[in-house]
Each structure stands twice: as C-alpha cells, then as structure tokens.
Amino acid sequence: MNAVETINQQSKKKAIAPVRSGDTVRVHQLIREGSKQRVQVFEGVVIRTDRLGEVMASVTVRRIASGVGVEKSFLLHSPNISKIDITRRAKVRRNYLSYLRERRGKSARLVEQGFDKLAVNAVADNGSDKTELDVDQVGDAETQVEESTEELAKAERHEAAEADPEHDADSKDNEANLAAEETEAGVDRAGDSA
C-alpha cells in the first residue's frame, strides 16, 4: 500500500449513512466561528452523489429557502460533517436530478418509497467497520419492514378477535342493521317528498 492510500484509509470515517439520490436528508455540519463551534443543520433533497466508495465521496443537497433554490455540496468523510440523517427516501431512476432545478411546488415532488429509518440511520451511529451499507441489504431491510408491519397488523386483528369474539360478531350484525335502517329511512324520505 502506498502513502496516498494509507492516508486515505486513515481519513475515512468508519461508517457513513447509505445516501442515495432522491433522499431527503438532514446534514449536521460543524461551523467554527472564532473560538466557538456550533452545529448547523441543512435539510434538503440529494440531487447528486459522487464517488460513494471513495474518500472523496460527496453529495449535493438542494432546498428551497425563501423562494430561492440553494444547493450545497458536502464531503461525506469530512470531519466537519458530524451526522447525516435520512428522513425520506424516494424512487428515482437517475443519479443526477438536475431537472428539479426548474420545478416548483407539486411538480418537484418525488414518489416516496418506504424504508426503515431506524436501521438505515443506525448504520452511521454505530461506528462499525463498514464504510457503507450494501444497496441490496437496504432493499432487503425495506421489504422485511413492509412484511413485518403486515404481519403485526394481522396478528393484532387475530388477538382482538380471540379476546372478544362476541364483539366481532356483534359489530358485523350492528353494521348490517345500521345499513338496513339507513336504507329504509332514505326510502321513507323519498316516499314523503313524492
């Protein structure tokens, strides 16, 4: 390993968030003003990702501030970036979403995609030896989350039915009776007005 590769490996963060184009992210950036230091949060849509597997990995984040589009590029392995939170994930087919610059309002919306926020954001928080999460693993996690929520809902309905079987049968009968009563009331009103 040569000297450049050694320095690059030393300056790489142990774990970074698996950011993709189309994600809505909150970038926590350290700002130094004299002897003071604070964290500034920049929230927007990732319109471009570059060299994600390297030390020079960067993302370009766009947001609308006071009616003006503002774009910032961040180096993911920079010590000035303390944290990146992924808040939403969208389905896009490009790496560079330059067409969003001409769009405003509803036309700038992206189709949202379900994902496990806690699992994706925990990757960077753990500080594990992985530099980034594999895209296939993230996709598997997303499908597992969708399946698990469906299974939980089914299990809750089943438990509720077991806990009070009379209530479940009564509620179906009550709904049928209510619908029949509403229909009769409508027919009576129609007959009165004629």
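The values are calculated or read from the model by the stated rules, or taken from the named source; none is laboratory data. This one's a predicted model, so the numbers in the text were calculated from it and none came from an experiment. Glycine also receives a Cβ, built like all others from the backbone with ideal geometry; neighbour counts cover every protein chain displayed. All accessible areas refer to the heavy atoms of the entire protein, side chains included, with ligands and DNA or RNA removed. Shrake-Rupley method; radii C 1.70, N 1.55, O 1.52, S 1.80 Å.
Right, VAL111: open to solvent by 60 Å² or more (accessible area, probe 1.4 Å), at pLDDT below 85 and within 18 Å of ARG48 (Cα to Cα) or not? If you could, list the steps in order and put the result at the bottom.
Values: open to solvent by 60 Å² or more (accessible area, probe 1.4 Å): yes; at pLDDT below 85: no; within 18 Å of ARG48 (Cα to Cα): yes.
Spelling it out, it is not the case that VAL111 is open to solvent by 60 Å² or more (accessible area, probe 1.4 Å), at pLDDT below 85 and within 18 Å of ARG48 (Cα to Cα).
Kindly list the number of the only condition in (1) under 23 Å from ASP125 (Cβ atoms); (2) over 22 Å from the mean Cα position of the chain (by Cα); (3) open to solvent by 90 Å² or more (accessible area, probe 1.4 Å); (4) modelled with pLDDT of 90 or more that fails for LYS36.
(1)
Going by the conditions given, is GLU181 of a type outside the set (Phe, Trp, Tyr), modelled with pLDDT under 65 and either open to solvent by 80 Å² or more (accessible area, probe 1.4 Å) or touching a Cys at 6+ places or on another chain (Cβ under 8 Å) (or both)? Walk me through it before giving the result.
Values: of a type outside the set (Phe, Trp, Tyr): yes; modelled with pLDDT under 65: no; either open to solvent by 80 Å² or more (accessible area, probe 1.4 Å) or touching a Cys at 6+ places or on another chain (Cβ under 8 Å) (or both): yes.
No.
Given the structure, is VAL27 out of contact with any helix residue (DSSP H, G or I) (no Cβ under 8 Å at 6 or more places or on another chain), touching a residue at least 40 places away in the same chain (Cβ under 8 Å), of a type in the set (A, V, I, L, M, F, W, C) and over 24 Å from LEU110 (Cβ atoms)?
Numbers: out of contact with any helix residue (DSSP H, G or I) (no Cβ under 8 Å at 6 or more places or on another chain): yes; touching a residue at least 40 places away in the same chain (Cβ under 8 Å): yes; of a type in the set (A, V, I, L, M, F, W, C): yes; over 24 Å from LEU110 (Cβ atoms): no.
The answer is no for VAL27.
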